[in-house]
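Report on the following structure.
The values are calculated or read from the model by the stated rules, or taken from the named source; none is laboratory data. Source: prediction; values computed, not measured. Here the Cβ positions follow ideal geometry from the backbone for every residue, glycine too, while neighbour counts run over all protein chains shown.
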Amino acid sequence: MTPLRNKYCPTTFILVVLIFVFTCGPKPTPQSKFKNFLQEASDKVSEGDYENALKYYRKALKINYKEPQLYREMAYCFEKMSMNDSAITYYEGAIVFNPKDIDSYQSIGNIYYKQKMYHEAMTWYDRGMELGYLYPQNYCRLASIYYRWGEYDRAKDYYKNAIMVDSSFSEAYYGLGLVNYLSGDTVMAETYFLSAFDTGPNPNSAFMLGKIFFEHDQFAKAEKWFDSYLELDPNGDFSYKAKEYKRIIMIRRRSGEK
């Protein structure tokens, strides 16, 4: 007679293996947990769910509170939630653990800039510049601060720094065009506005080119640039003025001017 126990051996073996796997198998390490929490947080950020992303970031923070990137990503979430004070605190946390974190210096500067706290913004941008080059956008922000204060030479320097970092950055050429125009140098202004349009295209530079040619009674060229502006940005900030200039050109043509 065949022993019954042989019939049940495979099943018993499988059960033993499963029990071993679930009770004695490898457990997640702190490092793997940290990575999992970061991934969960990243997924929530991608979904725009910043509040729940922060919950996962806090769990990761308990495992490794010295990771600068973690503070920067948490700061980003707070910034997206318009909690600027908390965002600044966490960007500063990133700097504590990485004093050369130039991105965090710039991010704090950007928050103050958007709040029109220009002196504070400049302080943080300056601290970032002590470490290396800023993003071209932030050089332009520094330039615009000096532009608002009427310090055109300082503004020009920062616009040129932006171009040095990225020669295709249209906003910097446009800024140089504006500063030169306001300084009375329409020849240089025209040059920079053309560069802004070519690297953009930058609709506002088209409007300013139209304005320069209009002021020099070159109505055909002026109309061409106003048309370019309206084609690129029909509902833009200068659309009404562009149409008004075109109307004046039409009236002058009827009176015999060209």
Is it fair to say Tyr159 is in contact with a Gly (Cβ under 8 Å, 6 or more places away or on another chain), surrounded by 14 or more Cβ atoms within 10 Å (Cβ to Cβ) and not hydrophobic (A, V, I, L, M, F, W, C)?
yes
Can we say Tyr125 is in a helix (DSSP H, G or I), within 25 Å of Ala206 (Cβ to Cβ) and in contact with a Leu (Cβ under 8 Å, 6 or more places away or on another chain)?
no
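Here's the yes/no breakdown for (1) under 30 Å from the mean Cα position of the chain (by Cα); (2) over 30 Å from Leu142 (Cβ atoms); (3) at pLDDT below 95:
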position: Leu176; (1), (2), (3): yes, no, no
position: Leu182; (1), (2), (3): yes, no, no
position: Gly200; (1), (2), (3): yes, no, yes
position: Lys243; (1), (2), (3): no, yes, no
position: Lys258; (1), (2), (3): no, yes, yes
Extreme residue, nearest to the chain's Cα centre (by Cα), among residues of the stretch 72-103 that are within 11 Å of Ala41 (Cβ to Cβ) and in contact (Cβ under 8 Å) with a residue 24 or more places away in the chain
Tyr76
Of the residues Ser255, Ser239, which is free of Cβ contacts under 8 Å to residues at least 12 places away in the same chain and crowded, with 16+ Cβ neighbours inside 10 Å?
Ser239
Would you point out which residue out of Met208, Met164, Met117 is within 30 Å of Ser86 (Cα to Cα) and either touching a strand residue (DSSP E or B) at 6+ places or on another chain (Cβ under 9 Å) or aliphatic (A, V, I, L, M) (or both)?
Met117
Which residue, of Gln106, Gln39, Gln69, is assigned to a helix (DSSP H, G or I), in contact with a helix residue (DSSP H, G or I) (Cβ under 9 Å, 6 or more places away or on another chain) and free of Cβ contacts under 8 Å to residues at least 12 places away in the same chain?
Gln39
Scanning the stretch 43-54 for residues that are free of Cβ contacts under 8 Å to residues at least 12 places away in the same chain and part of a helix (DSSP H, G or I) gives Asp43, Ser46, Asn52
Selection from the stretch 114-150 of residues that are under 20 Å from Glu73 (Cα atoms), crowded, with 20+ Cβ neighbours inside 10 Å and of a type in the set (Phe, Trp, Tyr):
Trp124, Tyr125
Wholly enclosed helices (runs of 4 or more DSSP H) of the stretch 128-223 bearing at least 1 residues farther than 30 Å from Arg253 by Cβ and in contact (Cβ under 8 Å) with a residue 12 or more places away in the chain:
136-148, 152-165, 170-182, 186-199
Of Glu67, Glu73, Glu92, which residue is crowded, with 20+ Cβ neighbours inside 10 Å and within 25 Å of Asn138 (Cβ to Cβ)?
Glu73
